[in-house]
Amino acid sequence: MTGQFDRPGAAPLGDGMASPTAVARCARLLADGGVAAIPTDTLYGLAASIRAPEAVARVLRIKTRNPGAGIPVLVESAAQAGEIADMSPAAHRLARAFWPGAITLVLPARPAVDRRLLGPAGTVGVRVPASGVVRELIRRVGAPLTGTSANLHGKPPPMTAPAATDAVGTLVDLVLDGGPGAGAPSTVIDLAQYPPLILRAGAVDAPTIQAVVPAARPPGDAG
């Protein structure tokens, strides 16, 4: 069963296998405006409904991140991504090729998106995770979730529930144990500029992206 804990200092329970009961409990907490550390397909992340302003504020405080730095957002589908970001033709091609999966698309945000989630120039990073647990949470909550890593600024991102507990266990309402993450972070590509720029190398390498969007520049390419 997926374990969970909501007591500071407690260890996650269970053997790391997702259970409907634990996922439902976590979803109720998030829908009520709570913050949880959850397993994704890459690492453990800080999850909050992007429609819960105080929960978003808590995520920012945990990360000691100022508005303007940007918080990535996890969505259930490309259609839901289009509700919060302007999905360009290149974005649709990448989504068809790699979602669900470990690629984050940086796109112009829709006006209704909480401005504290946005990066420079009003952009938002969106991703459909390969984790069925995360997509089920998004479905149950009825809103996209924040997807920043569950660590304090400058510390390594946690890959297991015990590591997430050590990092942020006293700062969140619940830690959901879904076993270890894959380890490789998502690749981040900025499609709000042209030519697109890969901002962070990750699970999907530059040549693979360029096979879908030939104009994409690798990390460090100033153009």
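So here's what we get for this one:
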read-out: Peptide ranges 189-197, 204-212, 83-91, 142-150 listed from the most packed, as the mean C-beta count within 10 angstrom indicates; value: 142-150, 189-197, 83-91, 204-212
read-out: Label-to-label distance, nm, for residues given as Asp166 and Ala215 (7 Å Cα→Cβ offset); value: 4.5 nm
read-out: DSSP beta bridge pairing in the range 3-210, given as percent antiparallel to the nearest 5; value: 70 percent
read-out: Ordering of 163-172, 113-122 by burial proxy (mean other Cβ atoms within 10 Å per residue, highest first); value: 163-172, 113-122
read-out: Cα gyration tensor shape of the range 44-106, rounded if a/c is under 1.5, else prolate or oblate by comparing a/b with b/c; value: prolate
read-out: FRET efficiency, 1/(1 + (r/R0)^6) with R0 25 Å, evaluated for Arg110 and Glu54 via beta carbons; value: 0.70
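Just so you know, all these numbers are worked out from the coordinates, no wet-lab data involved. In this text, all values refer to a predicted model and were calculated from it rather than measured experimentally. So basically every Cβ, Gly included, is an ideal-geometry build from the backbone, and we count neighbours across all protein chains shown.
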